[in-house]
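The values are calculated or read from the model by the stated rules, or taken from the named source; none is laboratory data. Quantities reported herein were computed from a predicted structural model and do not represent experimental measurements. Cβ coordinates were reconstructed from backbone atoms using ideal geometry, including for glycine residues, and neighbour counts include every protein chain displayed.
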Amino acid sequence: MGLSLAVTPIFRTKLTKQFLVGARNTAFVTEYVTGMATVKSLQMEPVLERRYGDLLAQYLAAGFETKQLANTYNMVANALEQTMTLAILGEARALMCHRWGGEGVRDGEIAARALR
């Protein structure tokens, strides 16, 4: 729970950045398509291609950062879940050993006692 509370603001910031960069990219493409005749007549295509390449690179970088944060969060959350599962299983095993006659009893001995 604490991990989610810590990551949520960072994740929200990265998603907002990704959305804004994508919106800027879409606005640029819309303007470019709308003014294509002017761009061709002024021979501005190389400049606009470079600008579009920069905008696209920013968009891809923002998406990558967001996905990287999400993957890191998932890995940490899964590791915590597995640690809790191991702790629960360890405690259950300790309780079972205590029930069947002490800490030194092996699983095979437990099974043999259960069959009697």
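When Ala61, Ala27, Ala6, Ala23 are checked against the criterion of being surrounded by 13 or more Cβ atoms within 10 Å (Cβ to Cβ) and either out of contact with any Pro (no Cβ under 9 Å at 6 or more places or on another chain) or part of a helix (DSSP H, G or I) (or both), Ala61 stands alone in meeting it.
Cβ separations smaller than 9 Å between residues 6+ apart or across chains give the following pairs from the range 74-102 residues that are modelled with pLDDT of 75 or more to residues that are among the polar types (S, T, N, Q): Ala77/Ser4. The residues of the range 45-58 that are surrounded by 14 or more Cβ atoms within 10 Å (Cβ to Cβ) and either at pLDDT 90 or above or of a type in the set (Phe, Trp, Tyr) (or both), listed by number, are Tyr52, Leu55, Leu56, Gln58.
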